[in-house]
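Reviewing the structure listed below.
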Amino acid sequence: MTLSSLWAALGGAGEKLANAWLATGASAFSLWQGKQLIAAWPRNSQRSDSDLSAIVYSPDGDAVGEVRVAGLVGHVAQSRLEADAMLLTSLSGMEEEVDGLAEALGDSQDQLLALYELTRAGSSSLDIDKLLRALVRQAARLVKADAAFAVLIPSQVMQYPAPFAGDDQLLALFERVVANGGELLLNARDLDGIAALDSGSVFLAPLPQRDRPGIVAALGLWLDRPAAELSPDLKLARSIAEQAGAQLEIALMHQELLSQVRLQAEMELARQVQMGLLPRRAPNVEGISAFGESRPALRVGGDFYDFYPASSASADKSVPAARLPMTFAVGDISGKGMPAALLMAMTRTTLRGGALSGVASTPEAVLAAANEDLYDDFTEVGMMATVFVGCYDPTTRILSYANAGHSPVIYCPAGGTALLLEADGPAMGVLSFSLSLNQRLLFSAGDLLIVGTDGFNEAANAAGEMFGIERLLRLIEQLADRSASEIARELFSAVGSFSAEHPQDDDQTVVVIKGE
Amino acid sequence: MKIHSRQERGAAVVELKGRFDAHEVPDVRKALEGAAALASGRVVVNLADVNFIDSSGLACLVQAMKHCRERKSDLYLCCLQQPVRIIFELTRLDKAFEIRASEAAAIEAVQQP
């Protein structure tokens, strides 16, 4: 505030002050700012000589000018002039305060306007891209920034008015905000590699999220002016960032909900595909009856079973299909969800290919070939698959099998005690070579082979107690007289009622082979 | 499940406590990766206080073991409780893993080239 503008603001009051001096005998009253005359009475008198003078100060204590009186001398007149100078000093302080208030009022009106415009931009769209574009445009306009950008994890970057830096450079700036845990004001010259920002300051403010931990997004502004002038702009930028944070949160929630719905639809589709892959009915083979069924848990799992049609496994068309060896498999991929379902489909296809091509002629060879083919894929996704491969030959009545870590496999000879047949090698995908060897059972009428998955023995009741292998063995002995399909159904029903109060959290799959 | 990692005689020892199922896999995986990075892949997993492990848990251990062996090192298991030992025997993972009765024996063995 200069003395001249203060005097102008005083208007008639200043005039009265001057006239009071003239009325008490002064020949002239004048106001000076350095060597420049601001006002003088009587009007048009240009006198620079004076008998008395007093300094006018700014509220900070700097001399801003002088009041002079001519034609009067003495102690009393000097004191009165000094009192006038002090009055002007304190008036200038008040003027400055009023200016400050007016500026603050202007600022808060700007803020309200900015928030209003941003709210309108945000509420009209849940599209995150649009929201970020509106944010950088409005923020740059209202804070009078020379460039603006917004970053949203993991890697979304929006620049305004035109791209001025590499996205990776702006992501690196965002990382500094994350590391700092809050806003940053940086000297543009200290930013390596962003050539466009060569002077001024860069202000970075997180877009705060109420229900999300950490910093997920930030607004960046390049203000090409001295840092000392930025304080009100930064306040405005902060309130814009806060408002935008709340809108972003709503938009993100909306997007997550959408993708959840999409994922559920995908899972349902995968489940249908998976069920479609399972054979509808076991092939007809002399000397045995076979039955298979799989009941997936709520989430897509990785259980499977398969029967390989004997007719296509042999080129010899003179032998009736029912007299040809029948190969079958039961498997369980560790893990759940889409990766398990996909790996299950791959495993099943690879086993089928091995069994049908004739290259792998025994269960042991089928397992070894599939393990070799799929080992790297299993390693990549960090999964494994327990697999049982069996082959029944009607001409010899021998059921040969190889078992890669699969359980439970239960053998119950006619009228005898049920036994757990333990695997001799670990699951597929654990070692780069297979340790599972061919085993043989002579399969006569009434003999039973039940190949289940751990969804049976690990099914738990409300108390957390598991169904267990023992209970399965005794149950199978009780059911030994029933048909293959009846035995399978009874197993599902017994385990189902045991764990009735507990949701089925793993797939349950069983293949039953019964000698006839 | 509680996970506690420490270094002992040049091996990273990871102690697991409780039920080791699919829910625990992400945390255990992180701990095992950290352990492998620390002790140049010489890892001992102490299962003394694990009373159940499901197929996801087994797969997690298998993955860590493969990871260590790729780096010409190894992951040893020790102190298996009876129920967990039975699971390892049923799945024949006892043939794939190096298993020792005590932690000291596992630490000793994992040091051998």
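Things to note:
- Between helix A:468-479 and chain A: long-axis angle, C-alpha atoms, 0 to 90°, nearest 10: 40 degrees
- Low-density loop cleavage sites - trypsin sites (Lys or Arg not before Pro) in region A:183-247, where at most 10 other Cβ are within 10 Å (DSSP): A:Arg210
- Multiplying the residue separation of A:Glu470 and A:Ala227 by 0.36 nm and subtracting their alpha-carbon distance yields 79.7 nm.
- Size estimate for region A:170-230 follows the Kirkwood approach: the inverse of mean 1/r over distinct Cα pairs works out to 12.2 Å.
- Taking Cβ atoms as reference points and 10 Å as the exclusive limit, the residues near A:Glu516 contribute a net charge of -1, counting Lys and Arg as +1 and Asp and Glu as -1.
- Here is what passes the span test in chain B: the DSSP H helices with alpha carbon length of 18 Å or more along the helix axis and a Kyte-Doolittle mean of -0.5 or above are B:25-38, B:55-70.
- Partner lysines for A:Lys35 [C-alpha distance under 29 Å; skip if fewer than 8 residues away on the same chain]: A:Lys16
- Cα convex hull of chain A, projected area averaged across orientations, nm²: 39.1 nm²
- For region A:1-87, the Kirkwood hydrodynamic radius from C-alpha pairs, put into Stokes-Einstein at 20 °C and a viscosity of 1.002 mPa s, yields a diffusion coefficient of 166 µm² per second.
- log₁₀ of I(q)/I(0) at q = 0.10, 0.19, 0.23 Å⁻¹ - region A:420-516, Debye sum with one point per alpha carbon: -0.33, -0.99, -1.19
- Residues A:Tyr116, A:Tyr160, sorted so that the one with the fewest Cβ neighbours within 10 Å comes first: A:Tyr116, A:Tyr160
- Share of pairwise Cα-Cα distances greater than 18 Å in region A:315-425 is 55 percent (whole percent).
- Spatially proximal lysines relative to A:Lys235 (Cα-Cα < 28 Å; intrachain offsets below 8 disregarded): A:Lys130, A:Lys144
- Convex hull per residue volume in Å³, alpha carbons only, for region A:411-471: 110 Å³
- Prolate/oblate/rounded label for chain B (Cα gyration tensor, a/c 1.5): rounded
- In this entry, region A:152-299 is assigned a mean projected area of 14.2 nm², taken as a quarter of its C-alpha convex hull surface.
- Stokes-Einstein translational diffusion, region A:251-300 - Kirkwood Rh over all Cα pairs, 1.306 mPa s, 10 °C, in µm²/s: 115 µm²/s
- Principal-axis tilt of helix A:363-381 within chain A, Cα atoms, nearest 10 degrees: 0 degrees
- A cut-off under 13 angstrom between Cβ atoms defines the neighbours of A:Ile55, and their net charge, with Lys, Arg +1 and Asp, Glu -1, is -3.
- Rough spin-label spacing in nm, given labels placed 7 Å along Cα→Cβ, for A:Asp376 and A:Glu477: 5.0 nm
- Diffusion coefficient, µm² s⁻¹, Stokes-Einstein with Kirkwood Rh over alpha-carbon pairs of region A:363-496 at 10 °C and 1.306 mPa s: 99 µm²/s
- Where trypsin sites (Lys or Arg not before Pro) fall in DSSP loop in region A:249-309, at most 11 other Cβ within 10 Å: A:Arg280, A:Arg281
- Taking every alpha-carbon pair within region A:13-64, the share separated by more than 12 Å comes to 67 percent.
- Cubic angstrom per residue, convex hull over Cα atoms of region A:33-178: 195 Å³
- Relative contact order (percent, whole number), chain A, Cα cutoff 8 Å, 6+ residue spacing: 9 percent
- Stretchable slack from A:Leu420 to A:Gln272, in nm (0.36 nm times residue separation minus alpha-carbon distance): 50.0 nm
- In whole angstrom, region A:438-480 maps to an equivalent ellipsoid with semi-axes of 26, 13, 7, each derived as √(5λ) from the alpha carbon gyration tensor and ordered largest first.
- Sparse packing (at most 13 other Cβ atoms within 10 Å of the Cβ) combined with a DSSP loop state is found for the following chymotrypsin sites (Phe, Trp or Tyr not before Pro) in region A:408-516: A:Phe433.
- Fraction in percent of alpha-carbon pairs per bin - 5 Å, region A:95-209: 2, 10, 17, 22, 19, 14, 9, 5, 2, 0, 0
- Relative to the longest principal axis of the Cα atoms of chain A, the long axis of helix A:75-123 lies at roughly 30 degrees.
- Ordering of B:9-21, A:412-424 by packing [mean C-beta count within 10 Å, highest first]: B:9-21, A:412-424
Every number here is computed from the coordinates shown, using simple stated rules; none is lab data. Just so we're clear, the structure is a prediction, and the values are computed from it rather than from any experiment. Glycine also receives a Cβ, built like all others from the backbone with ideal geometry; neighbour counts cover every protein chain displayed.
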